[in-house]
Amino acid sequence: MPYLFDWILLPTLIAGLILSCIDIASRRVPLLLVALAYVTQVGAFLLLSGPSVRVMEAVVISLVSASVQWILALIRPGSLGVGDVTATALMTLIPGWFGWTSVVFWWLILGLLGLMGLGGLLLVSTIRSIYRKHNNHKRLARERVLKDKNLTLPYVPFISAAALIILFLPV
């Protein structure tokens, strides 16, 4: 059963927060930071429990989850990047530490959060479109303010949030 204050998960939680902030700000995920956090988290697992089935299961689960994300990225190019795939490998160490059931719930939560994010993105896009239509005469003056960089959705915050939510669930 997951516990919110399972201190062994702190490296991944901190890295998830940092990666989320970077993804929101720049739509980039530094792979070196992901790799460093992954090695640190696996090292923390090994320090806690030694070489065990639980550590191996967490690593296998994270690699399987990253593979699924990679396949999804190949199915729809441009929707998920390599950073999202590697962040998935890192963040699924958290539900992976608690077993396969937690990972299933993580995927469900991630899907729901992603849908909510897309709904929010659609709402923002619609509001901006309406604003531009009604204020067409002021458009040139405000053009720079309203540029939206194609309204992309950073996905790492959702990946991290789903891992954090797992800690609150008794799965």
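The values are calculated or read from the model by the stated rules, or taken from the named source; none is laboratory data. Nothing here was measured: the structure is a model prediction, and the numbers come from that model. We place every Cβ from the backbone using ideal geometry, glycine too, and count neighbours over all the protein chains shown. Heads up: the accessible areas ignore ligands, DNA and RNA and are worked out on the full protein's heavy atoms, side chains in. Shrake-Rupley method; radii C 1.70, N 1.55, O 1.52, S 1.80 Å.
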**Study point:** With DNA, RNA and ligands ignored, accessible area of VAL29 (1.4 Å probe; Å², nearest 10)
**Key:** 20
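Give me the number: length gained by fully extending TRP7 to THR126, i.e. 0.36 nm times residue separation minus the C-alpha to C-alpha distance, one decimal in nm.
Values: separation 119, 0.36 × 119 = 42.84 nm, distance 4.24 nm.
Separation in residues times 0.36 nm, less the Cα-Cα distance, equals 38.6 nm.
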Practice item. Please report, in whole Å, how far the alpha carbons of the stretch 1-130 spread along each principal axis, starting with the longest. Key: 58, 31, 28
Point to revise | Radius of gyration and Dmax over the Cα atoms of the stretch 81-133, both given in Å | key: 15.9, 51
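Only helical DSSP H runs with n ≥ 4 go in: add -39500 (n - 2.57) per run for the chain, normalise by residue count and round the 222 nm mean residue ellipticity to 500 deg cm²/dmol. Please list the in-between numbers first.
Working: 8 runs with 129 residues, N = 171.
Rounded to the nearest 500, it is -25000 deg cm²/dmol.
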Practice item. Evaluate the distance, in nm, between pseudo-label points positioned 7 Å from the Cα of SER67 and of LEU48 along their respective Cα→Cβ axes. Key: 2.5
Point to revise | Cα centroid separation - the stretch 82-134 against the stretch 1-60, whole Å | key: 18
Study note, to complete from the structure: Scalar couplings 3J(HN,Hα) for the stretch 30-37 by Karplus 6.51 cos²θ - 1.76 cosθ + 1.60 (θ = phi - 60°), nearest whole Hz, x for Gly and Pro, are x, 5, 5, 5, 5, 5, 4, 5
Check your understanding: Using the alpha-carbon atoms, what tilt in degrees (0 to 90, nearest 10) does helix 100-134 show relative to the longest principal axis of the chain?
Key -> 10
Point to revise | Choice from ILE22, ILE127, ILE14 with maximal GNM fluctuation in the chain (Cα, 10 Å cutoff) | key: ILE127
Check your understanding: Which residues' amide hydrogens lie under 5 Å from the amide hydrogen of LEU80, considering only partners 5 or more residues apart or on another chain, with H built in the peptide plane?
Key -> none
Point to revise | Amide H within-cut-off set for ASP6, under 5 Å, with H built and near neighbours excluded | key: none
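Tell me, what is the percent relative contact order of the stretch 50-112, built from C-alpha pairs under 8 Å that lie six or more residues apart? Show your work: numbers first, answer last.
Numbers: 53 pairs, mean separation 25.9, N = 63.
Once normalised by length, the contact order is 41 percent.
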Point to revise | Relative contact order, percent, the chain [alpha-carbon distance under 8 Å, six or more residues apart] | key: 35
